[in-house]
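J.: Sharing a structure, written as structure tokens. Questions coming.
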Amino acid sequence: MNYKHSLMKSLTRAEEQVMKVLWKLESGLLMEVVDHMPEPQPHKNTVATILKTLVDKEFVRIELIGRIHRYFPLVSKQAYSKGTLSNMAKGYFDGSYSGIVSFLVDEEQLSVQDLELLLKQLK
């Protein structure tokens, strides 16, 4: 899945939940997606509407199997995560990723051990 949006569109919380299911399943029929949604599971019509929106936003493609639709993610979880993080850095931290890290440390969401692990991975 190397599909790239020139401008990563944002997703609503509900759209992200559906995408998380599709990323996990790699593809799915409507009822498969519904069955893998977190509790309380939304109604199948709600999921169908969200899937249509995701198709319109070019995050998902449909493969027709007779009259049944199978849904496939067009955008990988990694690409979406990267775009979301980039948008957050631009929107809230003047484009600075170190600003994000500093914020996480200040908010005690990132420990010294986490930072040491990150440094080790960078080396």
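J.: In whole Å and largest first, what semi-axes does the C-alpha gyration tensor of the chain yield when each eigenvalue is scaled by 5 and square-rooted?
T.: Numbers: eigenvalues 222, 50, 38 Å².
Over the Cα atoms of the chain, the ellipsoid semi-axes are 33, 16, 14 Å.
J.: Explain nothing, just the number: relative contact order of the chain, from Cα pairs under 8 Å at least 6 residues apart, as a whole percent.
T.: Values: 105 pairs, mean separation 29.0, N = 123.
Relative contact order, the chain: 24 percent.
J.: Same structure again: Give me the dipole magnitude in Debye, nearest 20, for the chain about the Cα centre, with unit charges on the beta carbon: positive for Lys and Arg, negative for Asp and Glu. Intermediate values should be presented prior to the final figure.
T.: Numbers: 16 positive and 15 negative charges, 123 e Å.
Computed about the Cα centre, the dipole is about 580 debye.
J.: Another question, if that's okay. With runs of 4+ DSSP H residues as the only contributors, calculate the mean residue ellipticity of the chain at 222 nm using -39,500 (n - 2.57) per run, divided by the residue total and rounded to the nearest 500. Don't skip to the answer; put the middle values down first.
T.: Numbers: 6 runs with 69 residues, N = 123.
Value at 222 nm, helices only, nearest 500: -17000 deg cm²/dmol.
J.: Using the Karplus equation 6.51 cos²θ - 1.76 cosθ + 1.60 (θ = phi - 60°), what ³J(HN,Hα) coupling, rounded to whole Hz, does each residue of the stretch 81-94 give in order, writing x for Gly and Pro?
T.: Running phi through 6.51 cos²θ - 1.76 cosθ + 1.60 with θ = phi - 60° gives 4, 4, x, 5, 5, 5, 4, 5, 4, 5, x, 10, 10, 6 Hz.
J.: Next up: Work out, in µm²/s and without decimals, the Stokes-Einstein translational diffusion coefficient of the stretch 19-79 at 25 °C, 0.890 mPa s, Rh from Kirkwood over C-alpha pairs.
T.: Working: Rh = 11.6 Å.
Approximately 212 µm²/s, per Stokes-Einstein.
J.: Moving on to the next point. If I model a spin label as a point 7 Å beyond the Cα along the Cα-Cβ vector, how far apart are those points for Asn87 and Ser102 in nm?
T.: 2.5
J.: Once you have the Kirkwood Rh of the stretch 7-54 from its Cα pairs, apply Stokes-Einstein at 25 °C and 0.890 mPa s and quote D in µm²/s.
T.: Numbers: Rh = 10.8 Å.
Estimated diffusion coefficient is 227 µm²/s.
J.: Here is a further query. Could you check the simple spin-label distance between Ile62 and Leu30, using points 7 Å along Cα→Cβ, in nm with one decimal?
T.: Label-label distance for Ile62 and Leu30, simple model: 0.9 nm.
J.: Just to confirm, what accessible area per residue do you get for the stretch 1-92 at 1.4 Å probe, in whole Å²? Write out the running numbers ahead of the final one.
T.: Values: 6210 Å² over 92 residues.
Ligands and nucleic acids excluded, the result is 67 Å² per residue.
J.: Where Lys and Arg each count +1 and Asp and Glu each count -1, what net charge lies around Val47 among other residues with Cβ under 12 Å from its Cβ? Display every interim value, and only then the final one.
T.: Numbers: positive: Lys44, Lys52; negative: Glu15, Glu32, Asp35.
Around Val47, the charge tally is -1.
J.: Taking the stretch 49-102 as the region of interest, what is the percent of Cα-Cα pairs per 5 angstrom bin, listed from the shortest bin to the one with the maximum distance?
T.: 5, 18, 17, 17, 12, 10, 10, 6, 3, 2, 0
J.: With all protein chains present, calculate the accessible area of Asp114 using a 1.4 Å probe and round the result to the nearest 10 Å².
T.: 60
The values are calculated or read from the model by the stated rules, or taken from the named source; none is laboratory data. Owing to the predicted nature of the structure, the values given are computational and were not obtained by experimental measurement. Note that each Cβ is placed from the backbone with ideal geometry, even for glycine, and that neighbours are counted across all protein chains shown. Side chains are part of the model used for accessible areas, which takes the heavy atoms of the whole protein and leaves out ligands, DNA and RNA. Shrake-Rupley method; radii C 1.70, N 1.55, O 1.52, S 1.80 Å.
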